[in-house]
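The numbers here are math on the coordinates, done by the rules we state, and not lab data. Quick caveat: nothing in here was measured; it's all calculated off a predicted structure. Please note: Cβ atoms are built from the backbone with ideal geometry, for glycine as well, and neighbour counts cover all protein chains shown.
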Amino acid sequence: RRPWCAGEITITSQTHRRLVAVQTPSFRSPSESELDNIGAYLDLTDTKLVQYGITNAFISDAFKWLLQGKMVGFTQNLIGRALFHSLVDGILDGASSTKSEASPKRDDALVISSDPDDNEATAAAGILISKIQ
């Protein structure tokens, strides 16, 4: 578990920023005992957040705040752009327009492909497509 992410969560909670957490399949919420001893949850061996004014108590409070807020999870049966459209709908409470209409056949079309099992590659391809359109 990455301490820098914990630092970002802490700063967000302390500055009262709004947050919608995207819960990845690999995320495991800290237990109550881990919240009481956040060092048991995070790998703090190489990073000392306290030098930036971020104490373990602040981190623990921030995770409690995070876990009480809105969380959007990955839809297990979706892959590729459909997965990311689903996340956007969850973040925006279904207010986005993510239904894609069939494009007319064109002779000057560009095909962009990515590995549907690689979320980072699929997100990059989706961003590229949205910029081109």
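Some notes on this structure:
- Measuring r between the beta carbons of residue 55 and residue 120 and using R0 = 22 Å, the FRET efficiency lands at 0.10.
- Placing a label point 7 Å from the Cα of residue 47 along the Cα-to-Cβ direction, the residues of the stretch 1-23 whose backbone N falls under 17 Å of that point are 1-14, 22.
- Helical content alone sets the calculated 222 nm signal of the chain at -13000 deg cm²/dmol, taking -39,500 (n - 2.57) per DSSP H segment of four or more residues and averaging over every residue.
- Neighbourhood net charge (12 Å Cβ-Cβ; Lys/Arg +1, Asp/Glu -1) for residue 39: -1
- Which label in [x] 2.04; [y] 1.90; [z] 1.08 gives the computed Rg/Rh (Cα atoms, Kirkwood Rh): [z]
- Between 0 and 90 degrees, the angle of helix 80-91 with respect to the longest Cα principal axis of the chain falls at about 60 degrees.
- Taking each residue as 0.36 nm, the span from residue 23 to residue 88 lengthens on full extension beyond its C-alpha to C-alpha distance by 22.1 nm.
- Legend: calculated FRET efficiency, residue 131 to residue 1, from the Cβ-Cβ distance at R0 = 41 Å, rounded to 0.05, equals 0.80.
- Electrostatic bookkeeping for residue 55 treats Lys and Arg as +1 and Asp and Glu as -1; over the other residues with beta carbon under 12 Å from its beta carbon, the sum is 0.
- Amide H contacts of residue 23 (H built 1.01 Å from N, under 5 Å, at least 5 apart or other chain): 72, 73, 74
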